[in-house]
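Quick notes on the structure that follows.
The values are calculated or read from the model by the stated rules, or taken from the named source; none is laboratory data. What you are looking at is a predicted structure, and each value in this text was computed from that prediction instead of being measured. Virtual Cβ from ideal backbone geometry, glycine too; neighbours counted across all protein chains shown.
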Amino acid sequence: MNKWLEWVKQLQAISQAGQAYSKDKFDLERFYDVAHISHQMLSSLSNTPLEKIENLFVHESGYPTPKVDLRAGVIRNNKILLVREREDGCWTLPGGWADVCETPSQGVLREVLEESGFVVSSPRIGCNKRPRYAPL
């Protein structure tokens, strides 16, 4: 059942992203259909009426994740890899939104490949630690 639930979540995410970013009315219809199919799957898996399943999903627009942004600092031969953002043409580290059911490491690898064409391996995940200040 866990595998099926993951697939339902991924179909929901594909549908939501497609509805948010597609402009073509035929593509939008297809993404609504994908959402409906995922509802039918969950209804069948859980033996729950379809209407109840459809009411469980709160409609959210935009990219279908908790909006976790991933960025990769790729350094080779003392050079840092930068890519140009499509929206504003500015230079930035490769990255973007994490996908549903994706680990941060998987997301970083995917984003670097999608945005630069480079295949990287063994990402180290870290966070910026806030500096410690001595009490006054």
I'd like to know if the range 30-50 contains one or more residues that are surrounded by 10 or more Cβ atoms within 10 Å (Cβ to Cβ), acidic (Asp, Glu) and over 30 Å from Val119 (Cβ atoms).
yes
Would you point out which residue out of Ser122, Ser61 is of a type outside the set (A, V, I, L, M, F, W, C), over 17 Å from the mean Cα position of the chain (by Cα) and modelled with pLDDT under 90?
Ser122
If we scan the range 78-91, do we find a residue that is of a type in the set (Gly, Ala, Ser) and more than 15 Å from the chain's Cα centre (by Cα)?
yes
Pick from the range 1-36, criterion hydrophobic (A, V, I, L, M, F, W, C) and over 20 Å from the mean Cα position of the chain (by Cα), ranking: farthest from Ala98 (Cα to Cα):
Phe26
Please go through (1) at pLDDT below 90; (2) over 28 Å from Gly95 (Cα atoms); (3) charged (D, E, K, R) for Glu29 and return the number of the only condition it doesn't satisfy.
(1)
